[in-house]
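Reading through the structure tokens given below for one structure.
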């Protein structure tokens, strides 16, 4: 096997930090070395490559074209190295990458996350929003929280949080204005839809036996926008119980006809390899879900 002919890793790391941060003093602080060490590493790298990586006066250095090209590759490379180390490390503290749908994060997870941080201050939960199917082979997250309306990875360790219950919600002011007494009275309400779950009204109507002739209404691109529109009195929408529990408790929304169960559930899936941070987080999620009252 041909041995890779690469400059010193320390020299590459010093240049990457200096180029990314824009100043050698900041690079020195990040890498816990002296300013002189950063300068020597960068000068050694330039001599070995036979090119200039920085130009300009010492107090206002800027990357050359070659420096910008090398920096882009090195930054990407170090990020992949970091991801690889995290992928095999089993530490009890540090960052934990969690993927979750945006609305679930804002409406259920984030309002409760302070309890996890208080119990586990050494674990930093880094949330990212995604509605895509879980794919551990292509993504960097350790835990994914999803509405399980699609197949989950066979190798995933799945924790069911709660069965889904859903139903129509609207502002209390609009409910009083429409004098909602029976389900049929919803014909007088403007209906709100979301493109992420376009069949919600039809699914709910089928489950409760409501044969409405017209379920058309206003479409919103995101679930969160639709819920905000309902809170603002623009109409009624179909929402899962976990997404609106805090709004109903606070009186911002009402559910005049309650909630019915669907065939789906909310789940937390984690990678099959052992990861103590992911295990702790999923166990906490399970406890929070159990403590969430049913409708």
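Results for (1) surrounded by 13 or more Cβ atoms within 10 Å (Cβ to Cβ); (2) at pLDDT 90 or above; (3) not assigned by TED's automatic domain parsing to the domain that holds residue 231; (4) not in a helix (DSSP H, G or I), shown as yes or no for each residue.
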{"position": "20", "(1), (2), (3), (4)": "yes, yes, yes, no"}
{"position": "27", "(1), (2), (3), (4)": "yes, no, yes, no"}
{"position": "41", "(1), (2), (3), (4)": "yes, yes, yes, no"}
{"position": "73", "(1), (2), (3), (4)": "no, yes, yes, no"}
{"position": "77", "(1), (2), (3), (4)": "no, no, yes, no"}
{"position": "86", "(1), (2), (3), (4)": "yes, no, yes, no"}
{"position": "104", "(1), (2), (3), (4)": "yes, yes, yes, no"}
{"position": "112", "(1), (2), (3), (4)": "yes, yes, yes, no"}
Next on the checklist: Would you confirm, using the coordinates I've provided, whether residue 210 is on the phi < 0 side of the Ramachandran plot and in contact with a strand residue (DSSP E or B) (Cβ under 9 Å, 6 or more places away or on another chain)?
Outcome noted: no
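Tell me, please, whether a residue that is crowded, with 20+ Cβ neighbours inside 10 Å and in the same structural domain as residue 171 (by TED's automatic domain parsing) can be found in segment 213-222.
Yes - at least one qualifying residue is present in segment 213-222.
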Checklist entry - Of all residues in segment 246-295, how many are closer than 22 Å to residue 173 by Cα and either in contact with a strand residue (DSSP E or B) (Cβ under 8 Å, 6 or more places away or on another chain) or crowded, with 19+ Cβ neighbours inside 10 Å (or both)? => result 10
Next on the checklist: Given the criterion in a helix (DSSP H, G or I), under 27 Å from the mean Cα position of the chain (by Cα) and at pLDDT below 95, identify the matching residue among 266, 224.
Outcome noted: 224
Next on the checklist: For segment 178-200, give me the residue count where each residue is in contact with a helix residue (DSSP H, G or I) (Cβ under 9 Å, 6 or more places away or on another chain), part of a helix (DSSP H, G or I) and free of Cβ contacts under 8 Å to residues at least 40 places away in the same chain.
Outcome noted: 3
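The values are calculated or read from the model by the stated rules, or taken from the named source; none is laboratory data. Bear in mind that the values here come from a model prediction, so they are computed numbers and not experimental data. All Cβ positions, even for glycine, are placed from backbone atoms using ideal geometry, and neighbour counts span all protein chains on display.
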